[in-house]
Amino acid sequence: MKYIKIFLLFFAATALVTAQSKPADVLAKLQHKFNNVSDFSSDFKESGKGSLSGKFYYKKKSKFRLELKTMNIASDGKTTWNYNVKNKKCIINNYDESDPTLISLDKFVYSYPAKCNVSSAGTENGCEIIKLTPKNGGLSFNSAKIWIDGFDMIRKIMIENQNGTSVTIELSNIKLNQKLSDSLFSITPPEGSKIIDLR
């Protein structure tokens, strides 16, 4: 009986350590996956106050392109282009990694976790969910949840902003390492477009 009690105590302690280390393990697998991803494309959906959908492209490091029905946004990590298709107006600006409106997967994978408490938020549709809660007020959100699938890729991010609103970004139909051209991450406005260069 004594040995059974010792075994049960050992099992409980082991289970507790495993549960505590699980979010870190899930995060480590995600980071390892991203270390081996040079680029990817996916379908994109954002919901919050409004709803947006389109195509999303990513390439290391900090390069992205978002193609929506009325707007195209691209950045090569140095410059950002915001082109309004309907109004034929393009705003060009220096890339600012602190801009909370820009999509930066690199931050959610690498930078933010080091500045947050990382915990488990359960599972959903075959995805592990990890929660990032800032350790202090230095970040632009109250919390963020990241859905990570069985292939260690991000499928969804839900961000709770400091004003109480939330934004959810979903990625689907992900295609990895397609050798996307650098030219995809800049925008050349069509002739006749109004260009506002703020650099």
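What follows draws every value from the coordinates through simple rules; no lab data is involved. Please read these numbers as outputs of a predicted model, since none were measured by experiment. Ideal geometry is used to build each Cβ from the backbone, glycine not excepted, and the neighbour counts take in all protein chains shown.
Mind giving me the FRET efficiency for S98 and F151? R0 is 41 Å, r the Cβ-Cβ distance, nearest 0.05 is fine.
On the way: r = 31 Å, r/R0 = 0.75.
Efficiency computed from Cβ-Cβ geometry: 0.85.
Given R₀ = 35 Å, FRET efficiency for S51-A24 by Cβ-Cβ distance, to 0.05? Display every interim value, and only then the final one.
Working: r = 34 Å, r/R0 = 0.96.
Using R0 = 35 Å, I get an efficiency of 0.55.
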Quiz prompt | Relative contact order of region 123-167, defined on C-alpha pairs under 8 angstrom at six or more residues apart (%) | solution = 31
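How high is the relative contact order of the chain, given as a whole-number percent (alpha carbon pairs under 8 Å, six or more residues apart)? Intermediate results must be reported in sequence, preceding the final value.
Values: 360 pairs, mean separation 47.9, N = 199.
Relative contact order comes out at 24 percent.
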Quiz item: Roughly how tilted is helix 2-35, in degrees to the nearest 10 and between 0 and 90, from the longest Cα axis of the chain?
Solution: 10
Self-check item: Most mobile of D76, D96, D152 in a GNM of the chain (Cα contacts under 10 Å)
Solution: D96
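Okay, helix-only estimate at 222 nm for the chain: each DSSP H run of n ≥ 4 adds -39500 (n - 2.57), divide by all residues, round to 500 deg cm²/dmol; what do you get? Show your work: numbers first, answer last.
Values: 1 runs with 34 residues, N = 199.
Computed mean residue ellipticity for the chain: -6000 deg cm²/dmol.
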Quiz item: Could you give me the ³J(HN,Hα) list for region 51-64, computed from phi with Karplus coefficients 6.51, -1.76, 1.60 and θ = phi - 60°, whole Hz, x at Gly and Pro?
Solution: 9, 10, 8, x, 10, 10, 10, 9, 8, 5, 10, 6, 8, 8
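With 23 Å as the limit, write out which pairs from K22/K107; K29/K78; K59/K107 have Cα-Cα distances beyond it, or answer none. Could you put the intermediate results ahead of the total?
On the way: K22/K107 21 Å; K29/K78 29 Å; K59/K107 14 Å.
Exceeds cut-off: K29/K78.
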Quiz item: Given springs between every Cα pair under 10 Å in a Gaussian network model of the chain, which of K156, K115, K63 has the largest fluctuation?
Solution: K115
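Note the full-extension length gain between E191 and N136 as 0.36 nm times their separation in residues minus their Cα-Cα distance, in nm to one decimal.
Details: separation 55, 0.36 × 55 = 19.80 nm, distance 4.74 nm.
Result: 15.1 nm gained on full extension.
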Quiz item: How big is the C-alpha Rg of region 21-197 next to the rule-of-thumb value 2.2 N^0.38 Å, as a ratio?
Solution: 1.05
